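Contents: one structure, followed by commentary.
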Amino acid sequence: MSKKRGLSLEEKREKMLQIFYESQDFFLLKELEKMGPKRGVISQSVKDVIQSLVDDDLVSKDKIGISIYFWSLPSCAGNQLRSIRQKLESDLQGSNKKLAELVDQCDSLKKGREESEERTEALTQLKDIEKKHKELKNEMVQFADNDPATLEAMRNAIEVAHQSANRWTDNIFTLRQWCSNNFPQAKEQLEHLYTEAGITDDFDYLELSSFPLSSSHDSDPARQLIEDEAPA
């Protein structure tokens with residue numbers, strides 16, 4: 001035996017509207033929940049169905065005292081449906097007009113783009129050029145590290161890091177001197193602490209002699225490397 005199909009939302013809405021149209025009366029939600037099953041709408045879904053009708057302005061509601069009443073008159077519903085129909089017809093006309101404009105635009109764009117051997121050849125050349133352009137862009141990315149602007153930015157960053165490192169070195173020397181002046185009796189313990197922290201006798205300021213900071217071509221490491229490897 002096949003299972004009976006339940007009502008769709010639209011069918012439930014229609015059933016509940018019939019209650020209002022036939023009685024032309026005002027109802028509380030609990031009254032509608034009792035009347036719904038008689039029309040095939042289970043009481044648990046009556047509230048959602050009524051709310052959907054209220055959202056679409058097919059059912060009105062108002063609070064009187066502490067109770068909320070619902071009602072709907074055929075004339076009001078008819079006016080509402082006519083208004084919705086007019087809006088839909090207006091939207092349809094606008095859509096049809098827009099479609100016609102797009103069709104005309106499409107036809108206009110097709111002019112001069114008819115299939116031909118010349119156009120096919122031009123498209124092939126365009127694809128080859130785009131492919132070559134992509135290859136060149138990828139090649140440029142590989143050589144980005146040798147870009148003068150990139151090298152200059154690296155020099156600036158290294159110089160800032162060098163100054164910061166030496167500033168902390170200076171702070172460490174100042175702290176060591178302060179500890180020596182204020183805790184002379186703990187000299188051995190302090191020396192042991194310095195060693196554990198990596199501050200040994202060869203701890204000193206950093207030098208940058210291994211990396212030129214000048215922006216001139218003579219000091220450009222990339223240029224110098226190319227000149228060194230160039231054949232005599």
Taking the residues in region 146-180 that are within 39 Å of the chain's Cα centre (by Cα) and among the charged types (D, E, K, R) as candidates, determine which candidate is surrounded by the most Cβ atoms within 10 Å (Cβ to Cβ). Arg155
Considering residues of region 1-36 that are in a loop (DSSP other than H, G, I, E, B) and either among the hydroxyl-bearing types (Ser, Thr, Tyr) or within 17 Å of Ile68 (Cβ to Cβ) (or both) only, the residue modelled with the lowest pLDDT: Ser2
Tally, over region 59-90, of residues that are aliphatic (A, V, I, L, M), in a helix (DSSP H, G or I) and under 15 Å from Glu22 (Cβ atoms): 1
Kindly provide the set of residues from region 81-130 that are open to solvent by less than 90 Å² (accessible area, probe 1.4 Å) and closer than 30 Å to Asp57 by Cβ, ordered by number. Ser83, Ile84, Glu89, Ser90, Asp91, Gly94, Ser95, Asn96
Of the residues in region 37-51, those that are within 15 Å of Trp71 (Cα to Cα), touching a helix residue (DSSP H, G or I) at 6+ places or on another chain (Cβ under 8 Å) and either surrounded by fewer than 15 Cβ atoms within 10 Å (Cβ to Cβ) or free of Cβ contacts under 8 Å to residues at least 24 places away in the same chain (or both) come to Lys47
Just checking, how many residues over region 181-213 are of a type outside the set (Val, Ile, Thr), open to solvent by 60 Å² or more (accessible area, probe 1.4 Å) and at pLDDT 80 or above? 18
Kindly check whether there is at least one residue in region 66-75 that is exposed (fewer than 10 other Cβ atoms within 10 Å of the Cβ) and among the hydrophobic types (A, V, I, L, M, F, W, C). yes
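The values are calculated or read from the model by the stated rules, or taken from the named source; none is laboratory data. As the structure is a prediction and not an experimental result, all values here were calculated from the model. Note that each Cβ is placed from the backbone with ideal geometry, even for glycine, and that neighbours are counted across all protein chains shown. These area figures cover heavy atoms from the full protein model, side chains too; ligands, DNA and RNA do not enter into them. Shrake-Rupley method; radii C 1.70, N 1.55, O 1.52, S 1.80 Å.
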